[in-house]
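Worksheet: one structure, shown below.
Only the coordinates and a few stated rules stand behind these numbers; no lab work does. Just so it is clear, the model here is predicted, and its values are computed rather than measured. Cβ placement follows ideal geometry from the backbone for every residue including glycine, while neighbour counts extend to all protein chains displayed.
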Amino acid sequence: MSHHIVEVKNLRHVYSDGTVALKDISFVITHGESVGIIGANGAGKSTLLQHLNGCLEPTGGTIHIGHTPLSKGTLPDIRRTIGMVFQDPDDQLFMPTVFDDVAFGPLNLGYSPADIEERVTEVLDLVGAGHLRDKPPYHLSGGEKKRVAIATVLSMSPDILVMDEPTNGLDPFARRQLMKLLRDFEHTRIFTSHDLDMVLELCNRVIVLHEGEVWADGPALEIFSNDKLLAECRLEKPLSMQGCPACGSDPKGSLQY
């Protein structure tokens, strides 16, 4: 399963206007890990994720998926391994109907028409969007677009799932559906989120970015219990760890990890 490993070494990115977004980022994510990448706005989270499937080219450093270095030559194979869900679903939806969007990946992988039909039906049902299959994407709500964007990635059966703010724009019911989907995904999961309760529930490991640098990398509960670190990085504890502001109850006694 070495092809599921993500290794980032001394990754650096400078935008054309001179903004230094990433400064010598290094980490290794192994097969089956669920890793949350957190940080305040502007910390470099989205920039980092866009390097993992070649949407952005590094200014310096390297990325390996398994033993394969990410490059223009290896990009097609790596994109079959890594499924990327962007923060804005409009970046992923471009076909006339939802069915066409979800079928696009399997079609380009050479699936038969029957297999495509089966796969599209399966993943749309998985994200609770089966009733949307014949609708144009531009007629969908923001939350519906998000679910369909996730389906376009799942239809390609990725070994590594990368998601940028996956619960953004979802109502509570859709959020619970997505969390179950992520919990049931058997392979490597990497996502950024300001939904720290979701991160705490789904991730056994958290990487904290601050001003383009890794400030912490460790067990989720340990990271979220570090008040000094959270304050320095302009973060707060998940709501489930803050207790009840009305009665002053301590959440530690009621949480199970």
The extension gain from residue 138 to residue 108, computed as 0.36 nm times the residue separation minus the Cα-Cα distance, is 8.5 nm
Neighbourhood net charge (10 Å Cβ-Cβ; Lys/Arg +1, Asp/Glu -1) for residue 191: -1
Give me 184, 115 ranked fewest to most by other Cβ atoms within 10 Å of their Cβ, as a rough exposure proxy. 184, 115
Say R0 is 35 Å: what FRET efficiency, to the nearest 0.05, do residue 95 and residue 211 get from their beta-carbon distance? 0.35
Correct choice for Cα Rg over 2.2 N^0.38 Å that was computed from the model, options (1) 1.03; (2) 0.93; (3) 1.09: (1)
Let me spell out the model: positive unit charges on the Cβ of Lys and Arg, negative unit charges on the Cβ of Asp and Glu, origin at the Cα centre of the range 174-237. What dipole size does that give, in debye rounded to 20? 300 debye
Taking the Cα centre as origin and putting +1 on Lys and Arg beta-carbons and -1 on Asp and Glu beta-carbons, what dipole magnitude results for the chain, to the nearest 20 debye? 200 debye
Using mean Cβ contacts within 10 Å as the protection proxy, how do 149-157, 14-22 order, highest first? 149-157, 14-22
By the Cα gyration tensor axes a ≥ b ≥ c (a/c under 1.5 gives rounded; else a/b larger than b/c gives prolate, otherwise oblate), the shape of the range 26-79 is oblate
Exposure proxy check: 221, 239, 48, 126 ranked by fewest other beta carbons within 10 Å? 239, 221, 126, 48
Quick check: from the Cα gyration tensor, does the range 150-240 come out rounded (a/c under 1.5), prolate or oblate? prolate
Run the numbers for residue 231 and residue 9: contour at 0.36 nm per residue of separation, minus the present Cα-Cα distance, in nm. 77.2 nm
Taking the Cα centre of the chain as the origin and placing charges on Cβ (Lys, Arg +1; Asp, Glu -1), which of 192, 153, 218 is farthest toward the positive end of the dipole? 218
If you put +1 on each Lys and Arg Cβ and -1 on each Asp and Glu Cβ, how big is the dipole of the range 1-128 around its Cα centre, in Debye rounded to 20? 700 debye
Antiparallel DSSP beta bridges within the chain, percent to nearest 5: 55 percent
If you keep only loop residues by DSSP, which chymotrypsin sites (Phe, Trp or Tyr not before Pro) in the range 77-124 have at most 12 other Cβ atoms within 10 Å of their Cβ? 94
Straight distance only, please: which lysines reach the Cα of residue 23 with their own Cα at less than 23 Å, same-chain residues fewer than 8 apart left out? 9, 45, 72, 228
Among 89, 168, 140 - extreme Cα towards positive end, dipole of the range 78-187, charges at beta-carbon: 168
Return the lysines within reach of residue 135: Cα separation strictly under 22 angstrom, same-chain partners fewer than 8 residues apart disregarded; answer none if there are no such residues. 145, 146
So if each residue of separation counts as 0.36 nm, and I subtract the Cα-Cα distance between residue 16 and residue 221, what length gain in nm does that give? 70.1 nm
Give the distance, in whole Å, between the Cα centre of the range 59-97 and the Cα centre of the range 103-180. 17 Å
For the range 148-206 the mean separation of alpha carbon contacts under 8 Å (6+ apart) over residue count, i.e. relative contact order in percent, is 41 percent
